[in-house]
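This report refers to the structure that appears directly beneath it.
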Amino acid sequence: MTSAQSRHNKILELDKVLSMLAAECSCQDTAQRALELKPSCDADEVRQLLLESWDAHSLIGRYGSPSFGGVRSVSNSLRRAQAGGALSMIELLRIAEVLRIIRSLREWRGKCEGTVTSFDPLFMSLYPNKFLEEKITSSILCEEEMSDNASHELAEIRKKKGRAQTKVRDLLDMMVHSQTYQKYLQDPIVTIRSGRFVVPVKSECRSSVPGLVHDTSSSGATVFVEPMAAVEANNEIKVLESREAAEIERILFELSAQAGEFSDSICSGYEVLLQLDLIFAKARLAYNMKASLPEVNDEGIIRFNKARHPLIDKNKVVATDIRLGGHFDTLMITGPNTGGKTVTLKTIGLLTLMAGCGLLLPVSDESCVSVFDRVLADIGDEQSIEQSLSTFSSHMKNIISIIESTDSKTLILLDELGAGTDPVEGAALATSILETLRSRGAKIAATTHYAELKGFALSTPGVENASCEFDVTTLRPTYRLLIGAPGRSNAFAISQRLGIPEEVVDRARELVSTDSVKFEEVVDALEKSRQSMEAAEDEARRLKIEAQRAKDEAAKLKNTVERDRERMLEQARGEAMRIVSQAKAQAQQLSDEIDVMRKELKAAASAGAASDAKSKLRQKIRKLEDIADPITQQQPDEDYVLPRPLKKGDPVMIADIGKRGVVTKEPDSSGNVEVQAGAIKTRVKLKNLRLVEGSTVTVGGVKPQQRTNEKKIVAEAVTEIDVRGMNVDEASIEIDKVIDSAVLRNLGELRIIHGKGTGALRAGLHQHFRRHPNIKSFRLGVYGEGEAGVTIIELK
């Protein structure tokens, strides 16, 4: 990218957006790469970059953002280890930290089941090395201490060293507490000087305590003497310390050699970490901006729906619709000062550059952006005292440079084109510049106050007027861009409302040329017509939405009624089958009893009794079956006449099914009555209803479900909580909330920051974790995770 293009990018404030992106990065190297991003000119590459950002945006919404832990570059250390050098403990711990993050990222991606992303190959190119990671972390406790477990030899040396130190301490303790030596000592203590155990002796008693002097106090009143009896023991400690240092150096060489063997894979893994960190940083920035994925083309077509400038406070910015390309290649924006014309220009340029960097755009759905080889801008007052350039001269120098660089793959943004000189000459020059740039195929957006340029846009095919809406009543801009209608400066109306005498304004109107007045009248008529059509369109849109909502509610109500009807019928059939089965069982029992009776009675009499009993039994079974079938329609009484006309609230019986209900609407002209029976509301013929006199049937009305159009919120899943400063009960409540949320999102691991302190909070939380039903296991953090100040919990 040329320095000239970089200057245009800075004019459009791309550097500020990249600084926002750098703040979202976890690693210093990634933040530097974010600041150095350059927009791509290749449409396919831009589509791939935007797709990666969108996929990461979706993953964060479902599973939370992965942790990169502020990883640092280890390339130099690894190359030195590969060459045979020994690394320090802090360098090895940083290598282990890189390996831990590589492993955790692979595990995190494995838990994101059922999703395929455009950057999965990056995750697949991460190769964990748990053996080397655990070898380093188990050998090195911190950047200054080697673990006893690093080697058997080191453990043995430290045991001997500990015994030797105990021996010399015991010897000197006996001396400082003996009556013989206490009078010679400044204090009855044992201390260390130059790595050897000594006792503090008064200077005047130096000759009374034979031994080696290692130090004196600043006042000279005390000398630190190593008694002769302790010399041999101290010598033994020194020898063991030398052996310990040699063993530690050997272990560091061994670990460094193992790290050097895997240097290439670790370096490539670190490079992938940086790429993934940048992708997820773009996704987090998109969340902050409420951004979306636009379509990408290389045909110069820009369509931003509800576009918002990313550097304006999101609570104050006004979304606007912007179009360029397609039916017109030049957009001429007019309107009053402070109306939003320059912001519109910067929004067009900045969003185009952001898309080229792979950043999602703060626009609504169905937006599209074009890829350009160059985005050139002449915005703002760039007069230079040092170069003796006026505002007009400065603008002309910029425009000369723009004309020389323009081709069909160029987007040009010009603010106040032709301003700073005589209006007539400025307007003519601006028209000529636009014609020259259009002849080279560039896409242009320009702002102006000149009426001549408004007329140029009206009369020239491919040039479209646009205006920034201004409310004359409130003297405030609405910041909405209206494409298709030229704007007005509203100078007279604004001046009059601000208090300029009416006669001054009237005289100014008289001085305006007739052609200008007519033009302004036409523009005013167009604006009124536009507002009227816009109001009618809004009303039509509102009615359409209400009609669609009513249609959806009716369909939902119909489905609910059908489901309730089927459910009630199914329940009725089941009850009927139960009654019939019970009746058949009773009938079988009676039949068995009759058979027994027949055997006991004599032939003729018993046979007759049995026949009669079976006949009665069959009648009883048929009666039970008729009663038990609730679906069978009962024959209504054709001669029944209602004693009076039905009214709303009357209790009635539905004759053909024997079901009670209440009238909710009076009979219509077709003789149909709306009746609510239980949870079902239905329409019944008037002749099928029987008035239930003397009883009250109450069917509770069901309030219609209130529906509101609520926006769907994608909460970034929480994987870490800081409870420092809380007591155990408060911390347990907050952690339980996070655990519940994590279980719902199928997260596997949480990081609890409780600090070190006295350890009381950590101990209380660990007791709570042991009893928690959703916690599978927990552990203290290792180096790079926060050590004893952090607990990592694994969820079931």
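I'd like the accessible area for Met577, computed on protein heavy atoms only with a 1.4 Å probe and all protein chains in place. Round to 10 Å², please.
Approximately 130 Å² of Met577 is accessible to the 1.4 Å probe.
Kindly sort Glu452, Glu153, Glu299 by accessible area of their heavy atoms, largest first, with the probe set to 1.4 Å. Could the numbers behind the result be given before it?
Details: Glu452 100, Glu153 80, Glu299 125 Å².
These residues rank, largest area first, as Glu299, Glu452, Glu153.
Can you work out the FRET efficiency for the pair Ser203 and Glu144, with r the C-beta to C-beta distance and R0 = 56 Å, to the nearest 0.05? Let's see the in-between values first.
Working: r = 36 Å, r/R0 = 0.64.
Calculated transfer efficiency: 0.95.
Strictly over 27 Å apart at the Cα level, which of Lys130/Lys282; Lys111/Lys756; Lys38/Lys443; Lys135/Lys776 would you flag in this model?
Among Lys130/Lys282; Lys111/Lys756; Lys38/Lys443; Lys135/Lys776, the Cα-Cα distance tops 27 Å for Lys130/Lys282; Lys111/Lys756.
With a 1.4 Å probe and all protein chains kept in place, how much accessible area does Ser125 have, in Å² rounded to the nearest 10?
Approximately 40 Å² for this residue.
Could you sort out which of Lys290/Lys544; Lys16/Lys409; Lys341/Lys454 sit more than 20 Å apart by Cα distance in this structure?
The pairs that break the limit, which is 20 Å between Cα atoms, are Lys290/Lys544; Lys16/Lys409.
On a straight-distance basis, which aspartates and glutamates could pair with Lys202 in a cross-link, Cα separation under 15 angstrom, same-chain partners fewer than 8 positions away excluded?
Within reach: Asp187, Asp215, Glu226.
Between Gln182 and Ala554, what is the spin-label point distance in nm, taking each point 7 Å from the Cα along the Cα→C-beta axis?
Those two pseudo-labels are separated by 10.7 nm.
Calculate, for Leu780 and Ser439, the FRET efficiency according to 1/(1 + (r/R0)^6) with r their C-beta to C-beta distance and R0 60 Å; round to the nearest 0.05.
0.25
Return the aspartates and glutamates within reach of Lys796: Cα separation strictly under 12 angstrom, same-chain partners fewer than 8 residues apart disregarded; answer none if there are no such residues.
Leaving aside aspartates and glutamates fewer than 8 places away in the same chain, those within reach of Lys796 are Asp740, Glu749.
The values are calculated or read from the model by the stated rules, or taken from the named source; none is laboratory data. What you see is a predicted model, and the numbers here were worked out from it, not measured in a lab. Every residue, glycine among them, receives a Cβ derived from its backbone with ideal geometry; neighbour counts consider all protein chains shown. Note: areas computed on protein heavy atoms with side chains; ligands, DNA, RNA excluded. Shrake-Rupley method; radii C 1.70, N 1.55, O 1.52, S 1.80 Å.
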